[in-house]
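Colleague: Let me give you the structure first, and then I'll get to my questions.
The values are calculated or read from the model by the stated rules, or taken from the named source; none is laboratory data. What you see is a predicted model, and the numbers here were worked out from it, not measured in a lab. Please note: Cβ atoms are built from the backbone with ideal geometry, for glycine as well, and neighbour counts cover all protein chains shown.
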Amino acid sequence: MSPTKDYSHQNGRLMTCRDQTVAADTNESEDYDDLLRLLNRSRPLNIERNISLVEIRPFFGEMSSTTNTSTQYYYNNCHHNRNNNHHHHVSSPVRRSGFSTPRSNGYYESHPIIADAWENLRRSLVHFRGQPVGTLAALDHSKDELNYDQVFVRDFVPSALAFLMNGEEEVVRNFLLKTLRLQSWEKIVDQFKLGEGVMPASFKVLHDPVRNSETIFADFGESAIGRVAPIDSGFWWIILLRAYTKSTGDSSLADMPQCQNGIRLILSICLSEGFDTFPTLLCADGCCMIDRRMGIYGYPIEIQALFFMALRCAQVLLKQDDDHVVVGNKEFVKLIGDRLQALSYHIRSYFWLDLKQLNDIYRYKTEEYSHTAVNKFNVMPDSLPDWVFDFMPTRGGYFIGNVSPARMDFRWFCLGNCVAIISSLATLHQASAIMDLIEARWEELVGEMPLKICYPAIEGHEWQIVTGCDPKNTRWSYHNAGSWPVLIWLLTAASIKTGRPQIARRAIELAESRLSKDQWPEYYDGKAGRPFSFGNDITRRRQAN
């Protein structure tokens with residue numbers, strides 16, 4: 001483990017954020033300046049230059065405020081300056097792009113790791129009938145039984161953001177349109193028809209050299225390990241559509257009737273009424289980035305945070321100014337507003353864990369009946385794991401992995417917590433506490449290679465029961481607390497949004513020292529992220545984000 005460094009001077013003068021307590025009207029539209037304003041810049045951000053973050057346009061700005069809260073939670077005043085089913089081999093996806101690599105002058109060209117990342121990213125481009133439509137899951141897909149030769153929706157998002165920041169919108173637009181077309185396919189798994197709005201987990205371009213033709217094969221979960229539909233794909237598609245619109249300033253794609261209908265189809269699955277008593281989404285194991293059995297069934301924080309972010313993006317994307325184009329949009333916008341208010345209250349109240357809440361749970365009474373119950377989910381205090389008492393710092397907190405009747409999953413999940421910050425699901429206080437936790441537990445959550453997908457690892461008898469003795473998810477490996485460099489872009493966005501870019505800088509320096517030398521492994525094994533797995537590389541993911 002490298003010694004801790006002081007980054008306070010490297011990032012220039014940091015002005016403190018002031019908590020503001022301003023009630024937000026439910027129907028009032030605000031511009032939160034939600035993220036770092038990277039996507040509207042004409043070239044990638046040079047991290048060696050002096051630049052005010054408030055000059056950079058937001059990823060997903062101009063989202064509507066839909067929750068009654070006493071905290072105005074986003075950081076307009078945080079101004080600071082800084083110093084599965086495998087077919088034959090496909091040859092067409094690896095054709096070189098005609099784009100420059102990269103287009104800006106200065107740091108990006110001179111830094112070897114950036115040039116290497118772009119080179120590998122371009123080699124992973126997939127073409128369909130002459131047009132780039134995405135990036136491969138991995139350049140090395142020599143194992144025929146695996147599906148690394150496909151374009152995954154969730155995996156393409158960081159690549160898409162890199163292309164957008166480099167002014168290369170074509171591949172992102174093509175990807176959005178191609179996956180939208182795939183959404184309209186009839187989806188049947190073992191004679192059971194999936195919902196019309198389900199987006200594919202991945203797709204593959206098949207080349208027929210005899211007929212000189214190309215076709216697309218899409219996987220909606222029927223070929224995936226465990227046969228689970230990807231709940232997160234639709235959310236990532238909406239989020240990326242919003243990022244594309246914000247980056248290019250062109251709303252014509254989002255305004256297309258096909259895109260408007262695609263958004264409504266996704267929302268119709270999520271917002272339909274049923275037996276639910278919670279505003280969160282009930283999910284099966286393996287329905288998101290953690291796509292194998294890892295005990296995340298129920299209401300995983302990753303899905304809930306993505307759901308919240310997708311709803312906020314959809315609220316902006318759905319047109320309401322042209323009645324003959326947007327029939328039904330006003331009804332969906334109303335449903336979105338209602339769900340956002342309920343969802344934010346539920347997550348902030350019941351998923352949040354800090355030292356005070358931990359002590360409250362430790363003293364919970366059980367078997368409480370009626371609406372006055374404090375222990376609303378009847379969680380047994382004896383179910384508190386021993387590790388959480390040592391893990392929780394005096395200052396800090398996080399959204400736990402899952403909350404359902406008589407069950408709390410106290411594990412830390414990186415993606416869900418970072419998206420909660422980026423999307424404004426976390427309040428100002430909660431966002432700051434999450435970053436405090438990351439700093440306080442740096443060795444556990446970052447170690448020698450960022451970032452732990454979850455913490456801690458499941459071991460022993462619990463591993464046997466929860467994972468079904470899955471040999472790929474052994475302790476401190478893969479989805480069982482392995483280290484995934486692709487998560488750095490989310491940490492970076494969360495760090496900048498909370499006014500603490502030095503946290504991201506520290507993580508990026510760790511990654512820069514090893515990723516290219518290690519040939520861009522997908523994930524690192526080990527408790528500290530020291531050994532690495534060469535099973536598949538991550539060249540489709542832009543670590544320089």
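Colleague: Please find, within the range 193-214, the residue that is nearest to the chain's Cα centre (by Cα) out of those that are assigned to a strand (DSSP E or B) and farther than 24 Å from N261 by Cβ. Break it down stepwise before answering.
Modeller: First, pick out the residues of the range 193-214 that are assigned to a strand (DSSP E or B): 193, 202-208, 213-214.
Retained after the next criterion (residues that are farther than 24 Å from N261 by Cβ): 204-208, 213-214.
Details: K204: 22, V205: 25, L206: 28, H207: 31, D208: 35, S213: 35, E214: 31 Å.
Going through the qualifying residues, I end up with K204.
Colleague: If you go through the range 389-437 one residue at a time, how many are within 18 Å of L306 (Cβ to Cβ) and charged (D, E, K, R)?
Modeller: Counting residues in the range 389-437 that are within 18 Å of L306 (Cβ to Cβ) and charged (D, E, K, R) gives 2.
Residue by residue, here is whether (1) assigned to a loop (DSSP other than H, G, I, E, B); (2) buried (at least 19 other Cβ atoms within 10 Å of the Cβ); (3) touching a helix residue (DSSP H, G or I) at 6+ places or on another chain (Cβ under 6 Å) holds:
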position: E439; (1), (2), (3): no, no, no
position: E444; (1), (2), (3): no, yes, no
position: E448; (1), (2), (3): yes, no, no
position: H461; (1), (2), (3): no, no, no
position: Q464; (1), (2), (3): no, no, no
position: N473; (1), (2), (3): yes, yes, yes
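Colleague: In addition: For the range 374-425, enumerate the residues that are buried (at least 16 other Cβ atoms within 10 Å of the Cβ) and assigned to a loop (DSSP other than H, G, I, E, B).
Modeller: N375, V379, L384, M392, G396, I400, G401, F410, R411, S423, S424, L425
Colleague: Restricting to the range 229-254, count the residues that are surrounded by fewer than 20 Cβ atoms within 10 Å (Cβ to Cβ) and either among the hydroxyl-bearing types (S, T, Y) or farther than 17 Å from E169 by Cα (or both).
Modeller: Residues meeting the conditions: 3.
Colleague: Does any residue in the range 503-516 that is modelled with pLDDT of 95 or more and assigned to a helix (DSSP H, G or I) come within less than 6 Å, Cβ to Cβ, of a residue that is of a type in the set (S, T, Y) and surrounded by 17 or more Cβ atoms within 10 Å (Cβ to Cβ) six or more places away or on a different chain, and which pairs are these?
Modeller: That search, which allows pairs on different chains as well, returns I503/S495; A504/T492; A504/S495.
Colleague: To continue, here is another question. Out of (1) among the aliphatic types (A, V, I, L, M); (2) surrounded by fewer than 20 Cβ atoms within 10 Å (Cβ to Cβ); (3) within 17 Å of the chain's Cα centre (by Cα), what's the single condition that is false for I225?
Modeller: (3)
Colleague: Moving to a separate point now. Need at least 1 residues that are more than 26 Å from the chain's Cα centre (by Cα) per element, so show me which helices (runs of 4 or more DSSP H) inside the range 269-373 make the cut, counting only ones lying wholly within it.
Modeller: 329-346, 355-362
Colleague: A115 passes all but one of (1) at pLDDT below 60; (2) surrounded by fewer than 17 Cβ atoms within 10 Å (Cβ to Cβ); (3) outside any loop (DSSP other than H, G, I, E, B); which number fails?
Modeller: A115 satisfies all of (1) at pLDDT below 60; (2) surrounded by fewer than 17 Cβ atoms within 10 Å (Cβ to Cβ); (3) outside any loop (DSSP other than H, G, I, E, B) except (1).
Colleague: Further question on the same structure: For the range 225-263, which residues satisfy the criterion of being in contact with a helix residue (DSSP H, G or I) (Cβ under 7 Å, 6 or more places away or on another chain) and of a type in the set (K, R)?
Modeller: R242, the sole residue that qualifies.
Colleague: Might you check whether a residue that is surrounded by 23 or more Cβ atoms within 10 Å (Cβ to Cβ) and touching an Asp or Glu at 6+ places or on another chain (Cβ under 8 Å) occurs anywhere in the range 306-317?
Modeller: Checked against the condition, which is being surrounded by 23 or more Cβ atoms within 10 Å (Cβ to Cβ) and touching an Asp or Glu at 6+ places or on another chain (Cβ under 8 Å), the range 306-317 yields at least one hit.
Colleague: Six or more apart or on different chains, Cβ under 8 Å: which pairs go from a residue in the range 263-278 that's over 18 Å from Q341 (Cα atoms) to one that's among the β-branched types (V, I, T)? Could you list them?
Modeller: I263/I238; I266/I238; I269/V198
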